[in-house]
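Take a look at the structure below.
The values are calculated or read from the model by the stated rules, or taken from the named source; none is laboratory data. Because the structure is a prediction, the values reported are computed rather than measured. When we count neighbours, we look across all protein chains shown, and the Cβ atoms used for this are built from the backbone with ideal geometry, even at glycine.
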Amino acid sequence: MRNSAQEQHIETVLSVAGHYARHDEAETSDLIRKSWLRCVNDHGLDPARPKPPRIVTPDKLREHQEQIEEFMLVARVGMEQMYKRVCGLDYVLLLTDANGIAVDYIGDDARQRELKSSGLYLGAEWSENYAGTCGVGTCLIEQTALTCHQAEHFDSTHIGLTCTAAPLFDPEGKFLAVLDMSAMRSPESKDSQHLALQLTVMYAQMIEDANFLRHFRDRWILRLGSTWALVEVSGEIMLAFDADGVVVGANTGARQLFGGGALGRLNNEPVGRHLTALFHWSLDELWRIARSSSNAERSVITSESNQLFYASVMPPRRPASGRGRRRGGDTQA
C-alpha cells in the first residue's frame, strides 16, 4: 500500500511528464525532468506501478563482471579509499557497468538485508529503462555527473534514497562504467549532497586516470595542470604519446580541453595528432621539459585556446615493443 508521500509523488511525476509531452522537450534543460519524460514516453514506465529492485543472478553478475574485470581491479582501490571517507555517514558505494548492473559494492555488512531490499547492493540493476530516473540510470544516458535526490526519482519506492553518480570512460574515451554514492536516508535539502557530488566526481577522475596510466604504461605521458606545485601528482589533463611525439591516448580532461568532449566526437580529437600541433613548442622543447627540474621552464601554451599550463613528462614504465606494437597502447595487464 502506498503512503501519502508516494501518492503525491506519483501525481507530480504524471503532471510534469504530461506537461512536457504536450510541449517541446527542449523546453527544459533540467536533467531530472527530461528523464521523467523519457521514462513515460521512451521506457513505457508508470509511476503508479512501482517496480521492486532487480538483483541479477550470480551467473549473470559474473558475466557482467568479467567484461570489465581489469578495470574493476583499478576501481576497487579507489572505492576503498573513498569509502574510508564516508563510511560513518551511511553511504553505500556502487560501481556499475555500462548496462547499469552493480558489478562492485561497498557498504555496511550489518545492513545487508536492508540495503539489498532497496537495490543498493551487488548485482542490482539501475538502468533507467527499468528503475526509472535514478543516479546511475540517468547518468548512463546523460553521461554527466548528477545527484538524483529523494523525490527526483521516478519510481515512488525510491523517493527515500539520494544517489550521486559520475561517469567513467575508458582510455579510448568510450563510456565504461558509473561510480555511485547512495544513501537510504538523508536531509530533505538537495544541497546536503553538494559535497557528495564533488567527492564522487573527484574519485571518478582518480579511478579513470589510474586506469589510463595502467593502459598506457608503455608510453610517454604528458601531464598538464594549472598549478605547478601539483602537476606532478594530480595533473588533470593527460596525453599519452609515442617516441615521435604523436598522441596515442587522451584522458577525459584532455579530450574536453581540445574540444573533443568526453567521447572525442568532434573533428579536433587529440589522438593521432602531433604534440607540436597542440602546443606552442617544438619536439626538442618537449624533451627539454622532460629533463627540466625548473618549474619556470615547464610552462606550455596550447595552440588553439592559448591557455597556459604547467607540464610534467612521465617516461614509459616498461619498454614498448619494437615490432607489432599496437597504436593506442598495450591493453594487456
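Kindly indicate whether any position in segment 194-210 is assigned to a loop (DSSP other than H, G, I, E, B), out of contact with any Leu (no Cβ under 7 Å at 6 or more places or on another chain) and either crowded, with 18+ Cβ neighbours inside 10 Å or of a type in the set (Phe, Trp, Tyr) (or both).
no
Considering every residue within segment 126-147, establish whether at least one is at pLDDT 95 or above and of a type in the set (D, E, K, R).
Yes: one or more hits.
Scan the strands (runs of 3 or more DSSP E) fully inside segment 218-333 and keep the ones with 1 or more residues being at pLDDT below 90 and farther than 25 Å from residue 170 by Cα.
Strands (runs of 3 or more DSSP E) meeting the threshold: 299-301, 308-314.
Okay, residues lined up against (1) in contact (Cβ under 8 Å) with a residue 40 or more places away in the chain; (2) not hydroxyl-bearing (Ser, Thr, Tyr):
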| position | (1), (2) |
| --- | --- |
| 42 | yes, yes |
| 56 | yes, yes |
| 61 | yes, yes |
| 72 | no, yes |
| 77 | yes, yes |
| 83 | no, no |
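Under 9 Å between Cβ atoms, which residue pairs at least 6 apart in sequence (or on different chains) link something in segment 220-236 that is of a type in the set (S, T, N, Q) with a partner that is assigned to a loop (DSSP other than H, G, I, E, B) and at pLDDT 70 or above?
226/236; 226/307; 234/227
Between 168, 176, which is surrounded by fewer than 23 Cβ atoms within 10 Å (Cβ to Cβ), under 18 Å from residue 79 (Cβ atoms) and either modelled with pLDDT of 95 or more or more than 12 Å from the chain's Cα centre (by Cα) (or both)?
From the options 168, 176, the qualifying one is 176.
Of these, 106, 101, which one is touching a strand residue (DSSP E or B) at 6+ places or on another chain (Cβ under 9 Å), surrounded by 14 or more Cβ atoms within 10 Å (Cβ to Cβ) and closer than 23 Å to residue 173 by Cα?
101
Do we have residue 235 as crowded, with 21+ Cβ neighbours inside 10 Å and touching a strand residue (DSSP E or B) at 6+ places or on another chain (Cβ under 7 Å) here?
Spelling it out, residue 235 is indeed crowded, with 21+ Cβ neighbours inside 10 Å and touching a strand residue (DSSP E or B) at 6+ places or on another chain (Cβ under 7 Å).
Where the second residue is aromatic (Phe, Trp, Tyr) and the first is in a helix (DSSP H, G or I) and lies in segment 112-140, which pairs have Cβ atoms under 6 Å and are six or more apart or on separate chains?
115/121; 136/126; 137/126
Tally time: how many residues in segment 67-92 are farther than 23 Å from residue 214 by Cα and either surrounded by 13 or more Cβ atoms within 10 Å (Cβ to Cβ) or of a type in the set (Val, Ile, Thr) (or both)?
5
Looking only at segment 14-70, count how many residues are among the hydrophobic types (A, V, I, L, M, F, W, C), part of a helix (DSSP H, G or I) and either modelled with pLDDT under 90 or out of contact with any helix residue (DSSP H, G or I) (no Cβ under 6 Å at 6 or more places or on another chain) (or both).
7
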